[in-house]
Each structure stands twice: as C-alpha cells, then as structure tokens.
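> Take a look at the following structure, please.
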Amino acid sequence: MWRKVLLVMCACVVFGEDMLPEEFTRCRQKDAKLNDCLKGAVPDALRKMKKGIPSLGVPALEPLLVSSIDIGAGAGPVVIMQNYRRIKLHGLTDSVLTTYKADLKHYRLRTDSHTPKMEFIADYVMKGRILVLPIQGKGIANITMLNLVVKHDLIGEPVVRDGQTYMHIKEYRVKFVPQRVLLYFTNLFNGDKRLGDQMNAFLNENSELVFNELKDSYEKSLSSVFQDVSNKIFDKVPMNKIFLED
Ligand SMILES: *[C@@H]1O[C@H](CO)[C@@H](O)[C@H](O)[C@H]1NC(C)=O
C-alpha cells in the first residue's frame, strides 16, 4: 500500500505537468499573427524571468551565470589559450526580438534578437600570442558587446509523456553579430600596468580580429546555456500550454 502511494507521489513529482507563470502572455497556435504575438511575449517573459522561476528550476537571467568556458589555443593570428570561470552575463533581459518565425508543425523556432549591451564578466586565465605579441594574464575579463544581434535557431522534437506532448529542444544554434566589441582584462602581465594598458588598447584596436577567434567558442557555450534554460520550460510545460491550441 505505502509502496503504491510512494510510487504515485514520485510519478507526480517527476511527471507532473507544470504551468507557465500566470503573468506570461500566451499565444495561440492558430493565430494568424502568431509570430507577432511571440515577438512580444518572449522578451516580456525574459524580463519577468530576471530572478528566475524557482518552481520550474529556471535560473535567474540577470545576470545569467555560466560555470566555465575553455578555449584552446587554436592557430592563426590569435593563438591564445583562455579559461573563463564564474561567468556572469548581463543585459540579456533587455533584448527585443526583431523577427520571429514559429513553425510549430516542425517544432522549429527561429528568431533574431537585439541586445543593446551585453556584458560578459568573468575570472580569466590566458596565455598565448596575438599577431606577434605575447599575451598572458590572470584576473577579471570584461567583454562587452554593443548592439548585439543574436540569431537563434531552435530545433525541437515532440516528446509524449502521460498523454501530453512536450516540445523538447534537441538543438539550439546561435550566431552572434555584435556591432562593436569592447575588451578589458585586469592584471595582464602579472599586473604590469604599462604593458597591461598597452595590450588592452591593442586588443580594442583589433577587437574584430580577436572576437572572430573567440566567436565559435562563445556561440557553442552560450547555445548550450540557452538550450538548458529553454528546456527547463519546454520539458516541463506541455506544448499546448505554451502555444495554446484554441
Ligand atoms: C565592462 O565594460 C563596459 C564597456 O567598457 C562598461 O560599460 C562596464 O561598466 C564594464 N563592466 C564592469 C563590471 O566593469
């Protein structure tokens, strides 16, 4: 008897369907203006998730914490081994969406976002060479992207559980297109101020080159963070409670 009760309870905890928070705007699947509805509803939801949604396990988005990003030295003009830890991303919740294309039949969502200012603040360790100059340091990194356009492509698949269909995101692709990137690293060259100032100035003069070398790793790490956050909702709230059926 108790075994049964326990089993039922566990099933509820694991499989119980959750709801979107009341204050989120819902969009209807059959709405001819579904994309316009989502274009407004998603950034609005982001702003309401600044502190996260504890009941769904959604972490705070302002700032969004990322545990680590490691970038191998690679080859080419920028050969720098870089480790970032305790990363904080600020500014995501100020994003607006410029386009939205929902293809729910194929479980596919595509959207472009515009973020006025996204700050990436982290503890860093790096060592390597940029063009002909050696670079090394260990301190705090501030990589700020201005007027950042992010192209999001969410590829989902239906997962049926207890008669409910959930839209699991199996792949989340992102592309970053910042208008401008500002870089600042404290404590370069063991704190040598003159060398550090010169290198920070040099990095900013060549920020496009530097960023292009980092871009792939950032995109990969952040897409997996975005995927996890999305699935906190999509794996728990049935699809027809996110995109209403009628
Ligand atoms: C990071 O750099 C940007 C651009 O220079 C600046 O506005 C911002 O205040 C810096 N953030 C921190 C935490 O130092």
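> Go ahead and estimate [θ] at 222 nm for the chain from helices alone: -39,500 (n - 2.57) per DSSP H run with n ≥ 4, summed, over the residue count, rounded to 500. Display every interim value, and only then the final one.
Values: 5 runs with 74 residues, N = 246.
Mean residue ellipticity, 222 nm, calculated: -10000 deg cm²/dmol.
> For the chain, what proportion of DSSP beta bridges, expressed in % and rounded to the nearest 5, is antiparallel? If you can, show how the numbers build up before the last one.
Numbers: 69 of 71 bridges.
Taking every DSSP beta bridge with both residues in the chain, the antiparallel ones total about 95 percent.
> Same structure, new question: So, for the range 20-244, what is the accessible surface per residue at a probe of 1.4 Å, expressed in square angstrom? Working shown, then result.
On the way: 11320 Å² over 225 residues.
Here the per-residue accessible area is 50 Å².
> Which order do D228, D44, D246 take by accessible area at a 1.4 Å probe, largest first?
Details: D228 95, D44 50, D246 145 Å².
So the residues, ranked largest to smallest area, are D246, D228, D44.
> A further question follows. Tell me the label-point distance for the pair E157, T99, using the 7 Å Cα-to-Cβ offset, in nm and rounded to one decimal.
Roughly 2.7 nm, to one decimal.
> Roughly how many Å is it from the Cα centre of the range 212-241 to that of the range 84-161, as a whole number?
Answer, in whole Å: 10.
> Hey, with R₀ at 51 Å, roughly what FRET efficiency would H90 and L244 work out to, going by the Cβ-Cβ distance, to 0.05?
Details: r = 33 Å, r/R0 = 0.64.
About 0.95, to the nearest 0.05.
> So if I place +1 on the C-beta of Lys and Arg and -1 on the C-beta of Asp and Glu, and nothing else carries charge, what would the dipole magnitude of the chain be about its Cα centre? I want it in debye, nearest 20. Could you put the intermediate results ahead of the total?
Values: 35 positive and 29 negative charges, 49 e Å.
Charge dipole, the chain, about its Cα centre: 240 debye, nearest 20.
> Which of the helices in the chain, when you take each full DSSP H run, stretch at least 15 Å along the axis at their Cα atoms and have an average Kyte-Doolittle score of -0.5 or higher? Don't skip to the answer; put the middle values down first.
Numbers: long enough: 2-15 (19 Å, 1.90); 34-48 (20 Å, -0.21); 193-205 (18 Å, -0.94); 207-234 (37 Å, -0.32).
Span-like helices in the chain: 2-15, 34-48, 207-234.
> If I model a spin label as a point 7 Å beyond the Cα along the Cα-Cβ vector, how far apart are those points for L133 and H106 in nm?
Each label point is offset 7 Å from its Cα along the Cβ direction, giving 4.6 nm.
> Can I ask one more? Loop by DSSP (not H, G, I, E, B), at most 15 other beta-carbon atoms within 10 Å: where is the longest site-free stretch of the chain for GluC sites (Glu not before Pro)? Before the final figure, lay out the partial values.
Details: sites that count: E17, E22, E23, E245.
Here the longest segment lacking exposed loop sites spans 24-244.
> Over the range 174-224, what is the relative contact order in percent, taking alpha-carbon pairs closer than 8 angstrom and at least six residues apart?
On the way: 28 pairs, mean separation 23.9, N = 51.
Relative CO of the range 174-224 lands at 47 percent.
The values are calculated or read from the model by the stated rules, or taken from the named source; none is laboratory data. Every value quoted in this text rests on a predicted model; they were computed, and no experiment measured them. Neighbour counts are summed over all protein chains in view; Cβ atoms, including those assigned to glycine, are modelled from backbone coordinates with ideal geometry. Surface areas here come from the heavy atoms of the whole protein model, side chains and all, with no ligands, DNA or RNA. Shrake-Rupley method; radii C 1.70, N 1.55, O 1.52, S 1.80 Å.
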